[in-house]
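One structure is given below, encoded as structure tokens.
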Amino acid sequence: MNRLTHRTRLTPVLALATCTVLVTALPAQAGDQSAHRDSYGTKATYAPQQSARTYQKAPAGFTPVFTENVSRHGSRSATDSEDGDLILALWDKAQAAGQLTGKGKEFGPKVRALQAAMAKVGYGNLSGLGKQELQDTAVRMADRLPSLFAGIAREGEKIDVVSSGQGRAVDSANLYAGALARAVPALKPLIGATRTDKDLLYFHKADGGAAYRDYIANDQRLADTLAKITDQPKTHKAADSVLRRLFKAAFVEQLAAADRVAAATAVYNLYAIAPAMADESPDGKGWGMQRYISTSDAAWFGYLSDTEDFYEKGPGFAGSDITYKMAGVLLDDLFKQVEAKRAGTSTLGAELRFTHAEEIIPLGALMGLPGSTTPATPKHPYTYPANPWRGADVAPLGSNIQWDVYEKNGRYLLRMLYNEQETAFKASCKPVSKGSKFYDLDELERCFGRS
């Protein structure tokens, strides 16, 4: 559950009269497809962002010798039943009082069916779509690098598979490895059993994340900023709009302001998770939860969700690296694997890692990946018009970062894919030629301060 949502439910909303209101705005085209995807935040389902047919070819003579990734687990059910329980308790009261709208009458049974489907999958577990996302991504990796995997099989190199140890990450790792083995059967005996490394892939809950956890629990600037952004007239207006789709006006009006926001947030959270559960819907095509929240209201609550992730996991406040410094352990491991390959001390042909949004988002900020380069300032707080950070782009379900390594006569080049799109390293890193997506390992070590 998002912390912002949790706070909304458990503490009264600050009185607007005593709170400095931060005026924000939705994207200019809130009704278009990209803005609609934005509204799902980090619950957006996965899609590769580039066709492999359009990838650049490696410079002449360079051949792939190693690949590694960091992947978020695939689409999943909600982590608990709290949102459904909250809104269904309200729905039952409205039904008993004859205070449901036409759409509201549909809504309760729809939520109960979705709750039942999530309980059957297991709260927090991969959905059918999530399982397919990971397997499809593995097959595309095999298709992109046929000569690499043929070489791994020929030389008997190993493929290491490691996860955070959390159920959905372990399942993602096993599904990915299994799909890779089916795509290239000769790899099967070379793929190791999935091992756990919490320090590497669950660092926000490991020893290395102690300062970060203190920031989340105790930083007053963080708490004040999130409260200020959440508690503004637009939120209350959107909450009323969401609830009036389901309940008659008299029923909505007798609810306290904080309860309205909490209930509307629960509706939004069900809307956001529903696409991840599409395979479990009665017709296998989806739950149609967008029927119960307008595009503009979903966009607003999606912005509030992104705000929390931005300040808690992403670029955060200018002048502070508390949200992403701890990802250094993961960036260090990415480099170490390539450096070991160059040194001839590695027996691996691939390193496959499976983790969570809490690791992908900070890693993106630390690396300066697209959309994760702009922190917030007091003058320019996080808003959609002023900042490119979007959870649906930075860390959708199944998101991944991949480094492919190429070699020629002892020289090593890297290409990065971010959600399967060729992606430049940060601006201070110079590619092998203008416009190229290939970088010399020595140059990357220089610009990331490793040499």
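The values are calculated or read from the model by the stated rules, or taken from the named source; none is laboratory data. Bear in mind that the values here come from a model prediction, so they are computed numbers and not experimental data. Glycine also receives a Cβ, built like all others from the backbone with ideal geometry; neighbour counts cover every protein chain displayed. Side chains are part of the model used for accessible areas, which takes the heavy atoms of the whole protein and leaves out ligands, DNA and RNA. Shrake-Rupley method; radii C 1.70, N 1.55, O 1.52, S 1.80 Å.
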Quick one: which residues, 5 or more positions from residue 65 or on another chain, have an amide H under 5 Å from its amide H? H modelled 1.01 Å from N in the peptide plane, none for Pro or chain starts.
-> 405, 406, 407
Okay, helix-only estimate at 222 nm for the chain: each DSSP H run of n ≥ 4 adds -39500 (n - 2.57), divide by all residues, round to 500 deg cm²/dmol; what do you get?
-> -14500 deg cm²/dmol
Over 26 Å (Cα to Cα) among 43/110; 105/131; 120/237 -> 105/131; 120/237
Rounded to the nearest 0.05, what FRET efficiency do residue 320 and residue 53 give with R0 = 45 Å and r taken as the Cβ-Cβ distance? Could you check?
-> 0.60
What shape does the stretch 173-327 have by the C-alpha gyration tensor, where a ≥ b ≥ c are the square roots of the eigenvalues, rounded means a/c under 1.5, and otherwise prolate means a/b greater than b/c and oblate the rest?
-> oblate
Among 167, 320, 109 the positive-end extreme of the charge dipole of the chain (Cβ point charges) = 109
For residue 82 and residue 432, FRET efficiency with R0 = 41 Å and r from the beta-carbon atoms, rounded to 0.05?
-> 0.20
For 189-199, 310-320, ranked highest to lowest by mean beta-carbon neighbours within 10 Å, the order is 310-320, 189-199
Given the C-alpha centroids of the stretch 299-340 and the stretch 234-258, what is the distance between them in whole angstrom?
-> 35 Å
Reciprocal of mean inverse Cα separation for the chain (Kirkwood radius, Å) = 23.1 Å
Mind checking the angle between helix 82-96 and the chain's longest principal axis? C-alpha axes, 0 to 90 degrees, to the nearest 10.
-> 20 degrees
For the stretch 299-346, the fraction of alpha-carbon pairs in successive 5 Å shells from zero, as % | 5, 19, 15, 14, 12, 11, 9, 8, 4, 2, 0
Between residue 354 and residues 5 or more places away or on another chain, the pairs with built amide H atoms under 5 Å apart involve 71, 162, 163, 164
What part of the accessible area of the chain, given as a whole %, is carbon or sulfur when the probe is 1.4 angstrom?
-> 52 percent
In nm, give the distance between the simple-model label positions of residue 106 and residue 198, each being 7 Å from the Cα along the Cα-to-Cβ direction.
-> 4.6 nm
Net charge, residue 432 excluded, C-beta distance under 13 Å - Lys, Arg +1, Asp, Glu -1 = +4
In debye, nearest 20, what is the charge dipole magnitude of the chain about its Cα centre with +1 on Lys and Arg Cβ and -1 on Asp and Glu Cβ, if you could check?
-> 680 debye
What residues of the stretch 150-194 lie in the reach of a label at residue 205, counting those whose backbone N is under 16 Å from a point 7 Å from the Cα along Cα→Cβ?
-> 163-173
With every protein chain kept in place and a 1.4 Å probe, the chain has an accessible area per residue in Å² of 40 Å²
Place the peptides 347-357, 235-245 in order of packing, highest mean first, counting for every residue the other Cβ atoms within 10 Å and averaging per peptide.
-> 347-357, 235-245
Taking R0 as 60 Å, what's the FRET efficiency between residue 257 and residue 186 from their Cβ-Cβ distance, rounded to 0.05?
-> 0.45
Percent antiparallel among DSSP beta bridges (both partners in the chain, rounded to 5) = 60 percent
Rounded tilt (10° steps) of 102-121 against the dominant C-alpha axis of the chain = 40 degrees
Past the 27 Å Cα-Cα mark, which pairs from 158/434; 248/313; 341/430; 158/426; 198/313?
-> 158/434; 248/313; 158/426
Whole-Hz Karplus ³J(HN,Hα) for the stretch 72-79, in order, using 6.51 cos²θ - 1.76 cosθ + 1.60 and θ = phi - 60°, x for Gly and Pro?
-> 6, 4, x, 4, 9, 7, 4, 6
Name the lysines eligible as straight-distance cross-link partners of residue 379: C-alpha to C-alpha under 17 Å, and not fewer than 8 places from it in the same chain.
-> 228
Running Debye on the stretch 44-188 with equal point scatterers at the Cα sites and no solvent, what base-10 log of I(q)/I(0) appears at q = 0.10, 0.14, 0.16 Å⁻¹?
-> -0.52, -0.78, -0.92
By per-residue mean of other Cβ atoms within 10 Å, what is the highest-first order of 54-65, 262-273?
-> 262-273, 54-65
With Cα coordinates, the longest principal axis of the chain makes an angle with the long axis of helix 357-367, in degrees rounded to 10, of 60 degrees
One quarter of the C-alpha convex hull surface, i.e. the mean projected area of the stretch 114-252 in nm², amounts to 13.6 nm²
